[in-house]
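S.K.: Got a structure for you, written out below as structure tokens; questions coming shortly.
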Amino acid sequence: MEGEMRRREQLAALGEAAAVIAHEIRNPLGIIKTSSQLVAQRTYLAPPDERLLGFVLDEVGRIDRLVTEVLDYVRPNRPTMRLALLDGIVRKAIDFMMPELEKRNITANVELADHIAVDADADQIHQVIINLVLNAMEAMPEGGALTVKVEADQETTEAVLTVADTGIGMEPDVVHRMFDPFFTTKTKGTGLGLAKVLSVIEHHGGAITCTSALENGTSIVIRLPLKQKKIAYAELDTGR
Ligand code: ADP
Ligand code: MG
């Protein structure tokens with residue numbers, strides 16, 4: 001357990017350093033962006049130069065997204081807890097992702113039990129689901145099946161959210177490191193998606209587990225404390 005604590009401290013220090021760097025990159029990046037845009041608008045450029053300037057703007061956009069992700073990950077994220085329906089939040093997130101899933105030949109099996117009440121920050125849980133679905137999508141480049149399930153475990157009084165794919169799966173050592181900030185196996189990945197997911201779920205007093213088999217797929221299960229008291233509908237936050 002001592003080793004695990006040290007590892008966590010090191011990861012926290014890494015996160016802080018990343019935050020400082022990300023913040024310091026933002027201003028000069030903004031100046032590069034506006035200056036390049038002005039040159040592009042005001043100057044007649046020969047086509048090859050226009051292409052080069054296009055590269056500059058594309059890459060500036062990429063750095064900008066990376067910086068935003070880093071800052072989003074390290075920003076203190078105390079959730080604003082409200083009584084919410086997990087099934088409603090999941091429904092909206094899946095509806096949002098549906099066009100992209102269809103485009104990628106992924107069929108979605110969605111099984112949502114009714115009225116799964118939890119104390120949650122709906123925006124943060126929305127983001128969690130989006131991150132998990134993005135990973136599932138990226139694990140199925142040739143298409144496949146996505147299963148999203150919400151149910152209540154009455155024995156443990158927990159809400160259970162499952163996101164499973166039929167994608168490439170993971171080696172055991174990847175499963176071991178998947179939640180580490182900046183751990184990625186993708187050329188264009190940031191390795192921050194699951195680190196953010198874990199941090200949000202921990203702040204919600206929940207737990208997350210993963211089972212994965214190489215070439216067979218991955219299943220992520222999130223458990224959150226279930227609210228069981230009778231709720232007036234007006235009190236509910238059903239998502240966005
Ligand atoms: P990123 O997606 O930017 O790589 P994440 O934190 O979201 O960062 O994921 C970390 C790593 O965990 C991924 O690079 C990938 O190797 C692995 N991973 C996560 N989800 C899945 C999945 N559904 N199937 C296979 N591998 C996955
Ligand atoms: Mg990801």
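The values are calculated or read from the model by the stated rules, or taken from the named source; none is laboratory data. Remember, predicted model here, so these are calculated numbers, not experimental data. As a convention, Cβ positions derive from the backbone with ideal geometry for all residues, glycine included, and neighbour counts pool all protein chains shown.
S.K.: Residue pairs, Cβ under 6 Å, 6 or more apart or interchain, first in segment 9-34 and closer than 18 Å to residue 195 by Cβ, second β-branched (Val, Ile, Thr) and surrounded by 15 or more Cβ atoms within 10 Å (Cβ to Cβ). List them.
M.R.: Short answer, once both residue conditions are applied: 15/74; 18/70; 19/74; 22/67; 22/70.
So that you can scan it fast, the table gives a plain yes or no per residue for (1) surrounded by fewer than 18 Cβ atoms within 10 Å (Cβ to Cβ); (2) in contact with a Ser or Thr (Cβ under 9 Å, 6 or more places away or on another chain); (3) at pLDDT below 95:
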position: 182; (1), (2), (3): yes, yes, yes
position: 191; (1), (2), (3): no, yes, yes
position: 207; (1), (2), (3): yes, no, no
position: 220; (1), (2), (3): no, yes, no
position: 229; (1), (2), (3): yes, no, yes
position: 232; (1), (2), (3): yes, no, yes
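S.K.: Being within 18 Å of the chain's Cα centre (by Cα) and either of a type in the set (Gly, Ala, Ser) or within 16 Å of ligand 1 (Cβ to nearest atom) (or both) is the requirement here; does residue 139 meet it?
M.R.: Here the answer is yes, as residue 139 does meet what is asked.
S.K.: Can you name every residue in segment 15-25 that is more than 22 Å from the chain's Cα centre (by Cα) and surrounded by 15 or more Cβ atoms within 10 Å (Cβ to Cβ)?
M.R.: Of everything in segment 15-25, just one residue is more than 22 Å from the chain's Cα centre (by Cα) and surrounded by 15 or more Cβ atoms within 10 Å (Cβ to Cβ), namely 25.
S.K.: Further, regarding this structure: Just to be sure, is residue 167 within 13 Å of ligand 2 (Cβ to nearest atom), closer than 18 Å to residue 208 by Cα and in a loop (DSSP other than H, G, I, E, B)? It would help to see each step written out before you state the result.
M.R.: Values: within 13 Å of ligand 2 (Cβ to nearest atom): yes; closer than 18 Å to residue 208 by Cα: no; in a loop (DSSP other than H, G, I, E, B): yes.
So residue 167 does not fit the description; no.
S.K.: In the list 78, 51, 82, 62, which residue meets the criterion of being basic (Lys, Arg), closer than 26 Å to residue 26 by Cα, in contact (Cβ under 8 Å) with a residue 40 or more places away in the chain and surrounded by fewer than 16 Cβ atoms within 10 Å (Cβ to Cβ)?
M.R.: The match here is 78.
S.K.: Of all residues in segment 3-32, count the ones that are within 9 Å of residue 74 (Cβ to Cβ) and either modelled with pLDDT under 80 or in contact with a strand residue (DSSP E or B) (Cβ under 7 Å, 6 or more places away or on another chain) (or both).
M.R.: Residues that pass the stated criteria total 1.
S.K.: Could you say which residue among 147, 184, 211 is in contact with a Gly (Cβ under 8 Å, 6 or more places away or on another chain) and among the polar types (S, T, N, Q)?
M.R.: Working: 147 fails: in contact with a Gly (Cβ under 8 Å, 6 or more places away or on another chain); 211 fails: in contact with a Gly (Cβ under 8 Å, 6 or more places away or on another chain).
Residue meeting the stated conditions: 184.
S.K.: Determine which single condition residue 156 fails, assuming it passes every other condition in (1) touching a helix residue (DSSP H, G or I) at 6+ places or on another chain (Cβ under 7 Å); (2) within 30 Å of residue 84 (Cβ to Cβ).
M.R.: (1)
S.K.: Of the residues 125, 130, only one is in a helix (DSSP H, G or I), in contact (Cβ under 8 Å) with a residue 24 or more places away in the chain and in contact with a Phe, Trp or Tyr (Cβ under 8 Å, 6 or more places away or on another chain); which?
M.R.: 130
S.K.: Can you go through 156, 147 and tell me which one is surrounded by fewer than 18 Cβ atoms within 10 Å (Cβ to Cβ), touching a residue at least 12 places away in the same chain (Cβ under 8 Å) and in a loop (DSSP other than H, G, I, E, B)?
M.R.: 156
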